[in-house]
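Visitor: Dropping the structure in here first, questions after.
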Amino acid sequence: MSIFTPAHLTALEQQSIELPSWAFGNSGTRFKVFGTPGTPRDPFEKIADAAQVHKHTALAPTVALHIPWDMSDFGDLRKHAEDHGVILGTINSNTFQDDDYKFGALTHEDAAIRQKAIDHHLECIDAMDATGSRDLKIWLAEGSNYPGQADMRGRQDRLNDSLRKIYARLGDDQRLVLEYKFFEPSFYHTDVPDWGTSYAQVASLGDKAMVCLDTGHHAPGTNIEFIVMQLLRLGKLGSFDFNSRFYADDDLIVGAADPFQLFRILFEVIRGDGLNNADVTFMLDQCHNVEDKIPGQIRSVLNVQEMTARALLVDREALTAAQKSGDVLAANAVFMDAFYTDVRPALAEWRESRGLPADPMAAFAASGYQERIAADRVGGVQAGWGA
């Protein structure tokens, strides 16, 4: 007898997790970027690899692009994606790899440099028009390293002015999603360091501006599920960037460092009606430095699915009763019972019933795809950071 109810299975079947195109390119640390056989050399090969994840899991029907890393004929790329059974998703801007942005982009003192950064985002919206994408996601590597280096208040004002100009260009069905990050690459202050700053900026723009929560972008010990709850409560959680970290913004496979945290986050997503909500995009933002990239993405989406399944098993009625009666241990036990439930056998059986491989990792390994691309993709320049 299945541990899942029909409602659970419906929720799991509808789950969708967007993949990042850059996860299929080479990446590494600030000391070394490692190359691997079969790494994509252009956006078309990235899309083909991403499609393998969806083929084996039915969890990843959309692929996010990063501009200018994925510049191409977007009409052709859109058709290529559809031919491979996926569609193009979020468009991510890049204002952190240009010498002009050393001291800021959308916050820069120089109006000409700010305009350059604004124009880049307008070009990203042009790409959205061509790809059919809904969301423009903005992460800003902006701030200062030393007290007194920058006018923090002035930078907030300039950021808001820049965002307003970008927001004005959005189509009726398009959104601006502003990410935040506690620190790095700036160390004294970051212009958008937390959910409150992101919320303050997007709330001033309008209904088409939302907050993106990256699970690796917080101070150690931060209660991320509280932030998830609050943004859902406020109607401003636009998207997730799922990954995992041990120390800083490690961008490791989601759930690798703290599976219980992922479980707690997903419980609040379910509690706040964020699961399979068209207004909340689930996305991975990861870099596979030493592991193979396609299996790394398969493992990642399966980790999200497994923790979603566990979170669905929380006995909400028993939890509410324990909370209202002040029974601390009973309430905690409800959580722990669901978290410790091994859902993997039931999920494997359910996948097979849908014509999917019971073990997507093993199925991909047996498919021969990795060996084929290693043999075929010889010559050219492998994609990586900045390409």
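Visitor: Surrounded by fewer than 22 Cβ atoms within 10 Å (Cβ to Cβ), of a type in the set (A, V, I, L, M, F, W, C) and in contact with a helix residue (DSSP H, G or I) (Cβ under 9 Å, 6 or more places away or on another chain), is that true of LEU205?
Guide: Judged against the criteria, LEU205 is a match.
Visitor: Go through GLY154, GLY75, GLY89 for me and flag whichever is open to solvent by 20 Å² or more (accessible area, probe 1.4 Å) and modelled with pLDDT of 95 or more.
Guide: Within the list GLY154, GLY75, GLY89, the selection yields GLY75.
Visitor: Would a scan of the range 359-376 turn up a residue that is aliphatic (A, V, I, L, M), over 30 Å from PHE96 (Cα atoms), under 27 Å from the mean Cα position of the chain (by Cα) and in a loop (DSSP other than H, G, I, E, B)?
Guide: The answer is no, given that none of the residues of the range 359-376 is aliphatic (A, V, I, L, M), over 30 Å from PHE96 (Cα atoms), under 27 Å from the mean Cα position of the chain (by Cα) and in a loop (DSSP other than H, G, I, E, B).
Visitor: When you scan the range 79-95, do you find a residue that is among the acidic types (Asp, Glu) and touching a Lys or Arg at 6+ places or on another chain (Cβ under 9 Å), even just one?
Guide: Kept after step one, since they are among the acidic types (Asp, Glu), are these residues of the range 79-95: 82-83.
Of the ones still in play, those that are also touching a Lys or Arg at 6+ places or on another chain (Cβ under 9 Å) are none.
No.
Visitor: Now for a separate question. Which one is surrounded by the fewest Cβ atoms within 10 Å (Cβ to Cβ), of the residues in the range 309-325 that are in contact (Cβ under 8 Å) with a residue 60 or more places away in the chain and part of a helix (DSSP H, G or I)?
Guide: LEU312
Visitor: Restricting attention to the range 1-21, which residues are under 21 Å from the mean Cα position of the chain (by Cα) and open to solvent by less than 30 Å² (accessible area, probe 1.4 Å)?
Guide: ALA11, LEU12, GLN15, ILE17, GLU18, LEU19, PRO20, SER21 - these are the residues of the range 1-21 that are under 21 Å from the mean Cα position of the chain (by Cα) and open to solvent by less than 30 Å² (accessible area, probe 1.4 Å).
Visitor: Something else now. Can you list the strands (runs of 3 or more DSSP E) found entirely within the range 141-254 that contain at least 1 residues being more than 21 Å from LEU106 (Cα to Cα)?
Guide: Strands (runs of 3 or more DSSP E) meeting the threshold: 237-241.
Visitor: Further question: Only one of (1) open to solvent by 30 Å² or more (accessible area, probe 1.4 Å); (2) touching a residue at least 12 places away in the same chain (Cβ under 8 Å); (3) closer than 30 Å to PRO40 by Cα is not met by THR281, so which one is it?
Guide: Going through the list (1) open to solvent by 30 Å² or more (accessible area, probe 1.4 Å); (2) touching a residue at least 12 places away in the same chain (Cβ under 8 Å); (3) closer than 30 Å to PRO40 by Cα, THR281 breaks only (1).
Visitor: Hey, can you tell me all the residues within the range 29-50 that are open to solvent by 10 Å² or more (accessible area, probe 1.4 Å) and outside any helix (DSSP H, G or I)?
Guide: THR29, ARG30, PHE31, LYS32, VAL33, PHE34, GLY35, THR36, PRO37, ARG41, ASP42, listed by residue number.
Visitor: Could you please let me know if PRO193 is in contact with a strand residue (DSSP E or B) (Cβ under 9 Å, 6 or more places away or on another chain) and open to solvent by 10 Å² or more (accessible area, probe 1.4 Å)? Outline the logic, then answer.
Guide: Values: in contact with a strand residue (DSSP E or B) (Cβ under 9 Å, 6 or more places away or on another chain): yes; open to solvent by 10 Å² or more (accessible area, probe 1.4 Å): yes.
Spelling it out, PRO193 is indeed in contact with a strand residue (DSSP E or B) (Cβ under 9 Å, 6 or more places away or on another chain) and open to solvent by 10 Å² or more (accessible area, probe 1.4 Å).
Visitor: Then there's this: Take the range 159-186 and flag every residue that is at pLDDT 95 or above, exposed (fewer than 15 other Cβ atoms within 10 Å of the Cβ) and either among the charged types (D, E, K, R) or over 21 Å from ASP126 (Cα atoms) (or both).
Guide: Listed by number, the residues that qualify are ASP161, ASP172, ASP173.
Visitor: Using the structure shown, decide if ALA130 is touching a residue at least 24 places away in the same chain (Cβ under 8 Å), of a type in the set (Gly, Ala, Ser), open to solvent by 10 Å² or more (accessible area, probe 1.4 Å) and under 29 Å from GLY75 (Cα atoms).
Guide: yes
Visitor: Give the residue that is surrounded by the most Cβ atoms within 10 Å (Cβ to Cβ), with candidates limited to residues of the range 103-112 that are under 18 Å from VAL192 (Cβ atoms) and of a type outside the set (Gly, Ala, Ser).
Guide: THR107
The values are calculated or read from the model by the stated rules, or taken from the named source; none is laboratory data. Predicted, not measured: the structure shown is a model, and the values here were computed from it. Virtual Cβ from ideal backbone geometry, glycine too; neighbours counted across all protein chains shown. Surface areas here come from the heavy atoms of the whole protein model, side chains and all, with no ligands, DNA or RNA. Shrake-Rupley method; radii C 1.70, N 1.55, O 1.52, S 1.80 Å.
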